[in-house]
Amino acid sequence: MDMNQYLSMFIDESNDHLQSLNESMMGLEANPEDLSIVQVIFRSAHTLKGMAATMGFEDLASLTHQMENVLDLVRNNKLRMQDFIFDTLFKSIDALESMVEDITAGGEGKADVSAIVSSLQAIVRGEVPTAGGAAAEVTAAAAGNATDAQVFLDEFQYSVLEQSLQEGHQVLYVDVAIRKDCQLKAVRAYMVFDLLERSGEVVKSFPSVQDIEQEKFDYGFSLYYITQKDASEIQKMILNLSEIDTVTAVALDQESLRQMGQESVAATAEAPAPAPAAEAAPAASNASPAASAHGKEENKAAPARAGGAPSPSRTIRVDIERLDVLMNLFSELLIDRVRLEQLASEVQNGDLTETVEHMGRVSGDLQNIVMKLRMVPVDTVFNRFPRMVRDLAKSLDKKVELIVTGAETELDRTVIDEIGDPLVHLLRNAVDHGIESIADRVAAGKPETGTVHLRAFHSGNHVFIEIEEDGRGIYPKKILGSAVKKGAITQEQANAMSDDEAYQLLFAPGFSTAEVISDVSGRGVGLDVVKAKISSLGGNVTIYSTPGKGTNFSVQLPLTLSIIAAMLIRLGSEKYAIPLSSIVETGIVKQSQIRTIHGNKMLEFRGSHIPLVSLSKIFSIPDYDESTEEETEIVVVRKGERLVALAVQDFIGQNEIVIKNLGKYLPDVQGISGATILGDGQVALIIDPNAFIK
Amino acid sequence: MAEDIKVIVFKLGTEEYGIEVEKVQTIERMMPITRVPKTYSFIKGVINLRGVVIPVIDLRGRFSIEEAEHTDQTRIIIVNVNEMEVGFIVDSANDVIDLNRDIIDTPPDVVGGIKAKYLDGVAKIGEDRLLIMLNLSEVLNKGEIVQLESLEG
């Protein structure tokens with residue numbers, strides 16, 4: 001059966017499960033007694049195993065199988081989680097990740113995981129793995145065990161079989177034993193498959209087709225088969241081939257299918273169905289205590305799985321291009337809606353007006369949904385960081401706490417896909433070079449545990465992602481010193497540079513060399529790459545640092561497409577939108593409250609003076625000027641700590657708006673970050689409050 | 001024999017201009033235009049074309065011809081050049097003709113007050129009809145526009 005079409009689905013789902021494994025493991029580490037987390041981990045591992053086996057990635061399947069064995073003991077209170085078990089499980093997850101990566105890159109997901117497998121097996125046997133000895137001994141067992149996998153049907157195969165049953169096809173479980181004296185058993189097996197494929201479809205075979213082709217099986221194999229023919233007929237057909245010892249074909253109904261699908265081969269062997277002799281043989285030859293023990297565990301595990309059936313997935317995956325098409329079609333619909341509304345108002349027919357109004361409401365809701373489909377929370381990128389920081393801190397022998405906020409902040413999918421790597425770099429940088437060693441921290445009078453804040457938030461047309469730590473900070477003088485030493489700048493240039501400019505040097509290509517690292521505490525490692533990547537996304541990185549107190553890397557990213565809440569305002573006949581996230585408050589000031597300081601209009605706001613910006617002047621609004629008015633409406637906006645009041649004529653109200661860019665032709669317009677289309681089809685420009693705050 | 005090309009014909013004042021039909025996305029009637037502050041004077045603003053925001057250029061302004069009132073005949077021709085979508089406001093657009101490339105001559109130095117580099121050539125149709133073929137890349141050339149603006153400003 002051609003599995004290629006399911007490959008991308010497999011990869012996506014595997015990544016999801018790996019992520020969930022990572023998260024749950026982190027959760028479990030924080031809370032080792034919580035068995036419900038173990039259940040979640042077990043289920044993820046189990047599903048992963050099933051999927052991997054289906055797709056023929058046997059290494060993946062066998063590793064997850066070993067993990068399952070460990071987890072099973074834990075959830076049944078037979079094993080307590082300990083550090084080395086965590087480490088081994090984390091290592092297993094890493095190995096799984098690299099296998100999935102290999103598969104993603106077009107490989108076969110093969111990896112040498114024997115060391116991890118033997119550690120896992122040792123854990124199951126209740127041994128604390130020591131560095132060398134035990135591993136070597138169990139590797140042999142592992143090799144034997146690799147063939148001792150099971151015919152697990154994953155949800156997908158199961159549903160295929162179930163559907164076939166419902167459509168009136170026969171679903172058979174076929175067990176074939178080839179004669180022991182057969183010389184070319186792979187060829188015989190091939191003949192069986194060939195024969196079967198002529199009158200039906202093999203959904204799943206054990207061992208996998210590849211293994212059978214490479215003669216990696218004893219003298220028997222089993223498979224699930226969909227056909228129109230009777231079991232007995234199939235049986236006869238196969239027996240007609242030479243050198244076939246026995247054939248058992250059992251027709252399955254829904255009930256037995258469920259049992260078969262969820263239990264191991266070991267279990268089916270005990271089932272009333274004629275026990276496949278050949279299948280039993282390898283199991284017996286493998287009957288080390290560990291093997292039989294896990295056979296029993298599997299039986300025990302089965303009811304638990306049946307009871308706690310994985311909840312159906314709440315999401316589906318859609319090709320981005322389809323969303324784009326959907327969006328374009330929707331835009332067309334909107335135009336027609338507006339036309340219809342116009343026509344209806346001309347025709348003045350009650351029924352028509354009502355229908356058009358209703359259609360307007362429905363399409364309004366539809367619009368919101370369509371637009372939101374492309375938005376993905378940054379959580380999809382952030383979720384791998386806790387694990388990364390944990391590992392990094394552990395390997396550096398530091399104590400680091402990562403605090404993530406704003407993970408629900410949404411970004412366009414296209415941006416999300418790109419920001420992962422730069423953020424990894426910055427986080428590593430923060431943990432590796434920002435946070436001091438425990439001794440240094442204590443000496444500096446700081447708590448042992450360093451804190452790294454990872455936050456995301458919307459501001460105007462941008463999303464900011466900040467990585468802030470309370471580490472040693474960056475000393476601009478040191479950067480300048482090493483830059484001069486390297487000949488990147490002259491001493492005169494260095495003298496003239498502000499702190500901000502000095503920080504920017506960290507992003508200069510080639511700045512990160514070994515001797516610089518020692519001089520400026522390793523800052524600057526590969527930061528030029530980070531900067532380049534973020535710039536290519538149309539973003540920007542800024543560094544704020546207080547020597548001795550910590551550093552904040554602030555990444556500003558654009559939303560290529562996004563929906564934000566905005567305040568619509570009027571200036572004369574023109575309408576503008578101000579992103580709500582930048583607005584501190586709105587109010588009215590009297591002309592007498594406005595003062596002039598150094599020729600700039602200032603305004604007292606909550607005890608301090610803030611500048612008053614005249615939008616009508618900046619934008620040369622033809623039919624409005626606030627200076628002629630007795631009272632002026634103001635919108636106080638913020639960028640970081642700084643505030644500015646914008647003078648406007650009227651507030652129209654709050655609205656969800658879709659950010660659109662102004663098209664490639666227009667140059668960057670100062671103070672304008674984009675445009676949006678209002679309900680009446682008119683374009684309103686979006687004000688970029690950041691532009692007014694220097 | 002060079003092949004025939006289809007050309008959209010539009011008017012600015014008394015002159016007739018042509019744009020190859022492949023470069024034209026649609027022709028729209030006048031619609032509300034949102035002014036964009038702090039940009040070139042000939043950029044009239046942006047429009048909402050079926051959900052896409054597109055800048056609109058007054059071609060008269062671009063060619064330094066005196067601007068005229070918009071009428072029932074005024075059209076916005078949406079062109080797509082170098083992946084840029086731009087609308088041109090023209091006095092009217094109501095003809096599509098087949099043109100043989102052979103009859104397009106290189107332009108004289110100045111035609112109707114427009115610099116020669118905006119032109120691909122001039123085609124003589126029939127007895128007394130001259131069609132000015134526009135070089136859209138040049139018309140939309142921003143580098144040149146920046147110079148122009150700084151001269152004016």
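Descending by average beta-carbon neighbour count within 10 Å, the peptides A:84-94, A:55-65, B:39-49 line up as A:55-65, B:39-49, A:84-94, the highest first.
With a 1.4 Å probe, what is the total accessible area buried between chains A and B, in Å² rounded to the nearest 100? Chains A and B together bury roughly 2300 Å² of accessible area. Listed peptides B:3-10, B:126-133 appear in the order B:3-10, B:126-133 once ranked by packing, highest mean of other Cβ atoms within 10 Å at the front. Per-residue 3J(HN,Hα) values for region A:354-365, derived from phi via the Karplus relation 6.51 cos²θ - 1.76 cosθ + 1.60 with θ = phi - 60°, read 4, 4, 5, 4, 5, 4, x, 5, 4, 6, x, 5 Hz in sequence order (x marks Gly and Pro). A Förster radius of 45 Å combined with the Cβ-Cβ distance from A:Glu127 to A:Arg428 puts the calculated FRET efficiency at roughly 0.80. Amide H contacts under 5 Å for B:Leu134: B:Gly18, B:Asp120, restricted to partners 5 or more places along the chain or on a different chain, H placed in the peptide plane at 1.01 Å from N.
When peptides A:391-400, A:543-552 are sorted by average Cβ neighbour count within 10 Å, with the highest value leading, the order is A:543-552, A:391-400. Per-residue 3J(HN,Hα) values for region A:387-398, derived from phi via the Karplus relation 6.51 cos²θ - 1.76 cosθ + 1.60 with θ = phi - 60°, read 4, 4, 5, 4, 4, 4, 4, 5, 6, 8, 6, 10 Hz in sequence order (x marks Gly and Pro).
To the nearest 0.05, what FRET efficiency results for A:Asp94 and A:Leu241 with a Förster distance of 41 Å applied to their C-beta separation? With a Förster radius of 41 Å, E is 0.35. Multiplying the residue separation of A:Glu408 and A:Ile369 by 0.36 nm and subtracting their alpha-carbon distance yields 12.3 nm. Between B:Arg101 and B:Val21, what is the FRET efficiency for a Förster distance of 22 Å, r being their Cβ-Cβ separation, to the nearest 0.05? Approximately 0.95, to the nearest 0.05.
Mean partner shielding of peptide A:667-680, defined as the number of other chain Cβ atoms within 10 Å of each residue Cβ, is 3. Mean partner shielding of peptide B:42-49, defined as the number of other chain Cβ atoms within 10 Å of each residue Cβ, is 5. The portion of the accessible surface of region A:415-499 made up by carbon and sulfur, rounded to a whole percent, is 51 (1.4 Å probe; DNA, RNA and ligands excluded). For A:Val613, the residues 5 or more places off, or on other chains, whose built amide H falls under 5 Å of its own are A:Ala645, A:Leu646, A:Ala647.
Given their separation in residues at 0.36 nm each and the Cα-Cα distance between them, A:Glu448 and A:Glu401 gain 15.9 nm when the chain is fully extended.
With each label modelled as a point 7 angstrom along the Cα→C-beta vector, the A:Leu333-B:Asn141 pair spans 4.5 nm.
Simple point charges give the picture: +1 on the Cβ of Lys and Arg, -1 on the Cβ of Asp and Glu, and for region A:20-69 a dipole about the Cα centre of about 180 debye. Note on B:Lys117 and B:Ser64: their simple-model spin labels are 1.3 nm apart, each label 7 Å out from Cα toward Cβ.
Pairs from the table (A:Lys549/B:Lys38; A:Lys91/A:Lys485; A:Lys485/A:Lys533; A:Lys110/A:Lys185; A:Lys110/A:Lys398; A:Lys639/A:Lys660) lying more than 32 angstrom apart at Cα are A:Lys549/B:Lys38; A:Lys91/A:Lys485; A:Lys110/A:Lys398.
What nm distance separates the two modelled labels at A:Lys617 and A:Met191, each placed 7 Å from Cα along Cα→Cβ? Placing both labels 7 Å beyond Cα along the Cβ direction yields 9.6 nm.
Across peptide B:79-86, the mean count of Cβ atoms from other chains lying within 10 Å of each residue's own Cβ comes to 2. The stretch between A:Asn77 and A:Ser199 holds 39.1 nm of extra length on full extension. This uses 0.36 nm per residue minus the Cα-Cα distance. Each residue of region A:191-202 was assigned a 3J(HN,Hα) from its phi angle through the Karplus curve 6.51 cos²θ - 1.76 cosθ + 1.60 (θ = phi - 60°); the sequence is 4, 4, 4, 4, 4, 5, 5, 5, 10, x, 9, 8 Hz, with glycine and proline shown as x.
The values are calculated or read from the model by the stated rules, or taken from the named source; none is laboratory data. Since this is a predicted model, take the numbers as computed values, not measurements. For neighbour counting, all protein chains shown are included, and Cβ atoms are generated from backbone atoms with ideal geometry for every residue, glycine included. For the accessible areas, the whole protein counts, side chains as well, though only heavy atoms, and no ligand, DNA or RNA atoms are used. Shrake-Rupley method; radii C 1.70, N 1.55, O 1.52, S 1.80 Å.
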